[in-house]
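Written below as C-alpha coordinates is the structure these notes are about.
The values are calculated or read from the model by the stated rules, or taken from the named source; none is laboratory data. Small disclaimer: the values here were computed from a predicted structure and weren't measured. Cβ placement follows ideal geometry from the backbone for every residue including glycine, while neighbour counts extend to all protein chains displayed. When the accessible area is computed, the model is the full protein with side chains, heavy atoms only, and any ligands, DNA or RNA have been set aside. Shrake-Rupley method; radii C 1.70, N 1.55, O 1.52, S 1.80 Å.
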Amino acid sequence: MFIQTESTPNPATLKFLPGQNVLEVGTADFPSIEAAEGSPLAKRIFATGNITGVFFGIDFVTVTKADDVEWDHIKPGILGAIMEHYQSGQPVMADDHKPASGHAEHTGEDAEIVGQIKELLDTRVRPAVAQDGGDITFHGFERGIVYLHMQGACAGCPSSTLTLKMGIENLLRHYIPEVVEVRPVAA
(Lines give C-alpha, C1' and ligand atoms only; values in the text may rest on other atoms or scores of the structure.)
Protein backbone atom coordinates (compact mmCIF):
# COMPACT_ATOMS: atom_id res chain seq x y z
CA MET A 1 0.00 0.00 0.00
CA PHE A 2 1.34 3.41 -0.98
CA ILE A 3 -0.05 6.42 0.89
CA GLN A 4 0.55 9.81 -0.70
CA THR A 5 0.79 12.93 1.42
CA GLU A 6 0.05 16.48 0.36
CA SER A 7 0.54 19.74 2.18
CA THR A 8 -2.49 21.97 2.73
CA PRO A 9 -2.78 25.75 3.09
CA ASN A 10 -2.91 25.07 6.85
CA PRO A 11 0.67 24.32 7.98
CA ALA A 12 -0.65 22.32 10.97
CA THR A 13 -2.57 19.94 8.70
CA LEU A 14 -1.43 17.28 6.21
CA LYS A 15 -3.60 15.42 3.71
CA PHE A 16 -3.10 11.66 3.41
CA LEU A 17 -4.35 9.80 0.31
CA PRO A 18 -4.47 6.02 0.90
CA GLY A 19 -5.32 5.24 -2.74
CA GLN A 20 -8.77 3.89 -1.89
CA ASN A 21 -12.06 5.19 -0.55
CA VAL A 22 -12.04 6.36 3.02
CA LEU A 23 -15.79 7.07 3.11
CA GLU A 24 -18.48 6.10 0.61
CA VAL A 25 -20.34 9.40 1.07
CA GLY A 26 -20.09 12.57 3.12
CA THR A 27 -17.40 13.58 5.56
CA ALA A 28 -16.50 12.84 9.16
CA ASP A 29 -14.83 15.29 11.53
CA PHE A 30 -13.06 14.27 14.74
CA PRO A 31 -11.89 17.42 16.56
CA SER A 32 -10.81 15.38 19.60
CA ILE A 33 -9.91 11.85 20.65
CA GLU A 34 -13.28 11.61 22.42
CA ALA A 35 -15.08 12.38 19.15
CA ALA A 36 -13.13 9.54 17.45
CA GLU A 37 -14.92 6.87 19.48
CA GLY A 38 -17.02 5.91 16.44
CA SER A 39 -14.08 5.34 14.12
CA PRO A 40 -11.40 2.68 14.49
CA LEU A 41 -9.21 4.54 11.97
CA ALA A 42 -9.49 7.91 13.72
CA LYS A 43 -8.74 6.30 17.11
CA ARG A 44 -5.65 4.65 15.63
CA ILE A 45 -4.40 7.99 14.25
CA PHE A 46 -5.01 9.83 17.54
CA ALA A 47 -3.14 7.05 19.38
CA THR A 48 0.07 8.05 17.55
CA GLY A 49 0.19 11.15 19.78
CA ASN A 50 0.38 14.92 19.26
CA ILE A 51 -2.75 14.92 17.07
CA THR A 52 -5.44 17.60 17.58
CA GLY A 53 -7.87 16.65 14.79
CA VAL A 54 -8.70 14.05 12.15
CA PHE A 55 -11.02 14.57 9.19
CA PHE A 56 -12.23 12.08 6.55
CA GLY A 57 -13.34 12.86 3.01
CA ILE A 58 -14.31 10.44 0.26
CA ASP A 59 -10.71 9.55 -0.64
CA PHE A 60 -8.53 11.34 1.90
CA VAL A 61 -7.70 11.76 5.57
CA THR A 62 -6.48 15.07 6.93
CA VAL A 63 -4.59 15.14 10.20
CA THR A 64 -3.95 18.24 12.31
CA LYS A 65 -0.95 18.19 14.64
CA ALA A 66 -0.21 19.97 17.88
CA ASP A 67 1.71 23.24 17.47
CA ASP A 68 4.74 22.12 19.46
CA VAL A 69 5.68 19.14 17.26
CA GLU A 70 7.23 18.87 13.80
CA TRP A 71 5.73 16.80 10.97
CA ASP A 72 9.04 14.98 10.50
CA HIS A 73 8.62 13.46 13.97
CA ILE A 74 5.02 12.26 13.72
CA LYS A 75 4.35 11.64 10.01
CA PRO A 76 5.89 8.10 9.97
CA GLY A 77 3.63 7.04 12.86
CA ILE A 78 0.54 8.38 11.11
CA LEU A 79 1.44 6.61 7.86
CA GLY A 80 1.94 3.40 9.84
CA ALA A 81 -1.41 3.78 11.62
CA ILE A 82 -3.27 4.28 8.33
CA MET A 83 -1.52 1.32 6.72
CA GLU A 84 -2.15 -0.94 9.74
CA HIS A 85 -5.80 0.02 9.74
CA TYR A 86 -6.37 -0.89 6.09
CA GLN A 87 -4.46 -4.15 6.51
CA SER A 88 -6.54 -5.06 9.59
CA GLY A 89 -9.77 -5.22 7.60
CA GLN A 90 -11.62 -3.12 10.20
CA PRO A 91 -14.18 -0.58 8.95
CA VAL A 92 -13.27 3.10 8.88
CA MET A 93 -16.46 3.89 10.81
CA ALA A 94 -18.21 1.69 13.37
CA ASP A 95 -21.56 0.34 12.17
CA ASP A 96 -23.58 2.69 14.35
CA HIS A 97 -21.71 5.85 13.26
CA LYS A 98 -22.61 7.33 9.91
CA PRO A 99 -20.71 10.13 8.14
CA ALA A 100 -22.34 13.54 8.02
CA SER A 101 -23.98 14.68 4.81
CA GLY A 102 -22.71 18.12 5.57
CA HIS A 103 -25.28 20.88 5.51
CA ALA A 104 -27.60 21.80 8.37
CA GLU A 105 -31.32 21.61 7.65
CA HIS A 106 -33.16 24.88 7.15
CA THR A 107 -36.88 25.39 6.74
CA GLY A 108 -38.99 28.51 6.64
CA GLU A 109 -39.37 31.59 4.52
CA ASP A 110 -35.75 31.59 3.31
CA ALA A 111 -35.84 27.97 2.10
CA GLU A 112 -35.41 28.95 -1.57
CA ILE A 113 -32.42 31.19 -0.82
CA VAL A 114 -30.86 28.50 1.38
CA GLY A 115 -31.32 25.98 -1.43
CA GLN A 116 -29.37 28.29 -3.75
CA ILE A 117 -26.64 28.77 -1.13
CA LYS A 118 -26.26 25.00 -0.64
CA GLU A 119 -26.20 24.42 -4.41
CA LEU A 120 -23.37 26.96 -4.88
CA LEU A 121 -21.45 25.51 -1.94
CA ASP A 122 -21.80 21.97 -3.34
CA THR A 123 -20.88 22.84 -6.93
CA ARG A 124 -18.31 25.62 -6.55
CA VAL A 125 -16.86 25.69 -3.03
CA ARG A 126 -16.75 22.19 -1.53
CA PRO A 127 -14.86 20.55 -4.44
CA ALA A 128 -12.18 23.25 -4.20
CA VAL A 129 -11.71 23.00 -0.44
CA ALA A 130 -11.70 19.18 -0.63
CA GLN A 131 -8.59 19.55 -2.81
CA ASP A 132 -7.00 21.29 0.20
CA GLY A 133 -8.13 18.56 2.62
CA GLY A 134 -11.13 20.26 4.18
CA ASP A 135 -14.81 20.96 3.90
CA ILE A 136 -17.12 23.94 4.36
CA THR A 137 -20.77 23.30 5.11
CA PHE A 138 -23.89 25.40 5.55
CA HIS A 139 -24.81 26.06 9.17
CA GLY A 140 -27.47 28.77 8.96
CA PHE A 141 -28.88 31.86 7.26
CA GLU A 142 -30.30 34.82 9.16
CA ARG A 143 -30.95 38.41 8.03
CA GLY A 144 -28.63 38.16 5.04
CA ILE A 145 -25.79 36.51 6.96
CA VAL A 146 -24.65 33.04 5.92
CA TYR A 147 -23.04 30.96 8.67
CA LEU A 148 -20.60 28.30 7.50
CA HIS A 149 -18.82 25.53 9.40
CA MET A 150 -15.19 24.88 8.43
CA GLN A 151 -13.72 21.39 8.92
CA GLY A 152 -10.50 19.49 8.30
CA ALA A 153 -7.67 21.60 6.94
CA CYS A 154 -10.01 24.61 6.74
CA ALA A 155 -10.52 24.75 10.51
CA GLY A 156 -7.84 26.96 11.98
CA CYS A 157 -6.19 27.64 8.62
CA PRO A 158 -4.46 31.04 8.48
CA SER A 159 -5.95 31.73 5.04
CA SER A 160 -9.50 30.62 5.93
CA THR A 161 -10.72 34.15 6.73
CA LEU A 162 -9.48 35.36 3.36
CA THR A 163 -11.11 32.37 1.62
CA LEU A 164 -14.36 33.02 3.45
CA LYS A 165 -14.51 36.77 2.85
CA MET A 166 -12.86 37.25 -0.54
CA GLY A 167 -13.86 33.98 -2.14
CA ILE A 168 -17.04 32.50 -0.77
CA GLU A 169 -18.72 35.75 0.32
CA ASN A 170 -18.08 37.37 -3.06
CA LEU A 171 -19.34 34.27 -4.90
CA LEU A 172 -22.56 34.06 -2.87
CA ARG A 173 -23.22 37.82 -3.05
CA HIS A 174 -22.74 37.75 -6.82
CA TYR A 175 -25.33 35.02 -7.41
CA ILE A 176 -27.68 35.66 -4.47
CA PRO A 177 -28.43 39.36 -3.80
CA GLU A 178 -30.01 38.54 -0.42
CA VAL A 179 -26.60 37.48 0.94
CA VAL A 180 -24.78 40.37 2.60
CA GLU A 181 -22.10 38.61 4.66
CA VAL A 182 -20.52 35.23 5.39
CA ARG A 183 -19.33 34.28 8.90
CA PRO A 184 -17.65 31.15 10.28
CA VAL A 185 -19.14 29.20 13.19
CA ALA A 186 -17.39 26.92 15.67
CA ALA A 187 -18.30 23.24 15.81
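Solvent exposure of Val185, expressed as accessible area, is near 40 Å², computed with a probe of 1.4 Å over the protein chains only. The phi-based Karplus calculation (6.51 cos²θ - 1.76 cosθ + 1.60; θ = phi - 60°) puts the 3J(HN,Hα) values of segment 131-140 at 4, 8, x, x, 7, 10, 10, 5, 10, x Hz, whole numbers, x for Gly and Pro. Based on alpha-carbon centroids, what's the gap between segment 143-182 and segment 78-94 in Å, whole number please? The two parts, judged by their Cα centres, are 34 Å apart. DSSP assigns beta bridges within the chain; of those with both partners inside it, close to 85 percent run antiparallel. Based on C-alpha pairs under 8 angstrom that are at least 6 apart in sequence, segment 99-171 has a relative contact order of 25 percent. Of the residues Ile176, Ile74, Gly57, the one whose Cα sits farthest towards the positive end of the charge dipole of the chain is Ile74 (charges of +1 on Lys and Arg Cβ, -1 on Asp and Glu Cβ, taken about the Cα centre).
Residues in segment 25-30 carry Karplus couplings, in order, of 9, x, 9, 9, 10, 10 Hz; the curve used is 6.51 cos²θ - 1.76 cosθ + 1.60 with θ = phi - 60°, and Gly or Pro positions show x.
Please say if segment 10-52 is rounded, prolate or oblate, where rounded means a/c under 1.5 for a ≥ b ≥ c the square roots of the C-alpha gyration tensor eigenvalues, and otherwise the choice is prolate for a/b larger than b/c and oblate otherwise? If you can, show how the numbers build up before the last one.
Values: a/c = 1.62, a/b = 1.16, b/c = 1.39.
Note, shape of segment 10-52 comes out oblate.
For the chain, give the magnitude of the charge dipole about the Cα centre (Cβ charges: +1 Lys/Arg, -1 Asp/Glu; no others), in debye to the nearest 20. List each step's numbers first, then the result.
Details: 13 positive and 25 negative charges, 73 e Å.
My answer is approximately 360 debye.
Using only Cα atoms, tell me the angle between helix 71-88 and the longest principal axis of the chain; keep it within 0 to 90° and round to the nearest 10. Once rounded, the angle reads 80 degrees. Sequence-ordered 3J(HN,Hα) estimates for segment 164-169 from the Karplus curve with 6.51, -1.76 and 1.60 and θ = phi - 60° stand at 5, 6, 7, x, 5, 4 Hz, glycine and proline given as x.
Divide, for the chain, the radius of gyration over alpha carbons by 2.2 N^0.38 Å, where N is the residue count. Walk me through the numbers before you get to the answer.
Details: Rg = 17.0 Å, N = 187, 2.2 N^0.38 = 16.1 Å.
Taking the Cα Rg and dividing by 2.2 N^0.38 Å, one obtains 1.06.
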